[in-house]
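Inspection log for the structure reproduced underneath, given as C-alpha cells.
What follows is calculated from the coordinates using simple rules that are stated; it is not laboratory data. Since this is a predicted model, take the numbers as computed values, not measurements. Don't worry about glycine lacking a Cβ; one is built from the backbone with ideal geometry, like all the others, and counts go over all protein chains shown.
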Amino acid sequence: MEKEDWDAVSSQVSAPVSTTVIAFDIAGAYIVDAAASASFEGFVAAARALGFVTQETGKPNLTLTLAPELAVGDILNRVVAAVSAFEAAAAPLRIRAMVHYGVVFRTESVGELSYVGSAIRSTQSALRRAPAAGGFVATQDFAAYAAKLSDLPFRLQAMSGAAAADGMSQMAFSGRTVAPPPAAGGRLQSADAAFVAFVKRRLAEDIGPFASALVDRAVRSSTAVEQLVPALSREIDDAAARARFEEDMLRYISSQAR
C-alpha cells in the first residue's frame with residue numbers, strides 16, 4: 001500500500017489479526033487471450049464471494065484475504081473448485097497459488113470490510129519467488145498454522161531447490177480432480193502435432209530438454225493418448241510433479257474433446 005493510501009485509512013483500522021492470505025496468478029502468463037481473460041474474470045468473481053480481494057489493474061492476478069473466523073478447510077475446498085473450473089475452461093493455462101498465514105488489519109475505510117497489512121505483501125512476494133509450473137504452495141508460516149488444525153483437505157509435501165530453501169511446501173489436495181480423457185475414438189490422436197508440441201513443452205518443465213526425444217519415442221510406440229500419458233509421466237521422479245503433469249495432460253485432452 002502506498003503511503004498516501006495508508007494515511008487515508010490508518011485512523012480507521014482495527015487491532016491486528018492473524019489470518020490466511022492466498023495470492024494467485026496465471027503460471028508463466030503475461031498476456032492471455034480474450035477467452036482466457038473472461039475465464040479469469042469468472043475466477044475473480046468466485047474469489048470475491050470467499051473473502052476480500054485485491055488485484056492489480058489489468059493483470060491476471062489477485063490476492064484473497066480470509067476473514068479470521070472462517071473455516072480454512074472449507075474455504076480452501078471452494079478455492080480449489082474455482083481454480084479447477086478456470087483451468088478446465090482455459091487449458092492449458094494453470095493457476096499458481098501461494099498460501100500464507102500472517103498479520104493483517106481490518107479497515108472499513110471504504111464503507112465495507114477490507115484488509116491491509118504485511119501478510120498481503122508477504123504472500124504476493126512469496127508467489128513471485130514460487131516455482132513457475134503452477135499449483136498450490138504453502139509458506140512455512142502457513143504450514144506451522146495448518147499443523148494445529150484438523151480435517152484439512154490437503155497434505156504438505158517437501159519441495160526441492162530454492163523453494164525448499166525458502167521454506168515452501170507443495171500442497172496436494174486429495175479432492176482435486178480434472179475431467180477424464182475422452183473415450184477411444186475421440187478427436188485427439190497421440191501423433192496430433194499440436195498435442196505433441198504441447199506435451200514436449202510441458203514435460204520439459206519437469207525433466208529438461210531430453211523431453212523432446214522421450215515424447216517422440218513414446219508417440220512411435222503409442223497410438224492412443226490414454227497410453228501415452230502414463231508412459232511419459234513415469235519419466236518424472238517427483239510424485240507431486242508427476243501428478244501435476246498428468247492433470248495438465250488430462251485437461252488438454254478434455255479441452256480437445258469439447
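Of the GluC sites (Glu not before Pro) found in the stretch 68-149, the ones in coil according to DSSP and having at most 14 other Cβ atoms within 10 Å of their Cβ are 69, 108, 112.
Under the classification rounded if a/c is under 1.5, otherwise prolate if a/b is larger than b/c and oblate if not, where does the stretch 54-176 fall, given a ≥ b ≥ c as square roots of the Cα gyration tensor eigenvalues? Can you show the working numbers first?
Details: a/c = 1.34, a/b = 1.19, b/c = 1.13.
In terms of gyration-tensor shape, rounded.
Which of the chymotrypsin sites (Phe, Trp or Tyr not before Pro) across the stretch 28-106 are loop residues per DSSP, with 13 or fewer other Cβ within 10 Å? For chymotrypsin sites (Phe, Trp or Tyr not before Pro) across the stretch 28-106 that sit outside H, G, I, E and B with at most 13 neighbouring Cβ atoms in 10 Å, the list reads 30.
Net length available on complete extension from residue 113 to residue 77 is 10.7 nm, with 0.36 nm assigned per residue and the Cα-Cα distance removed.
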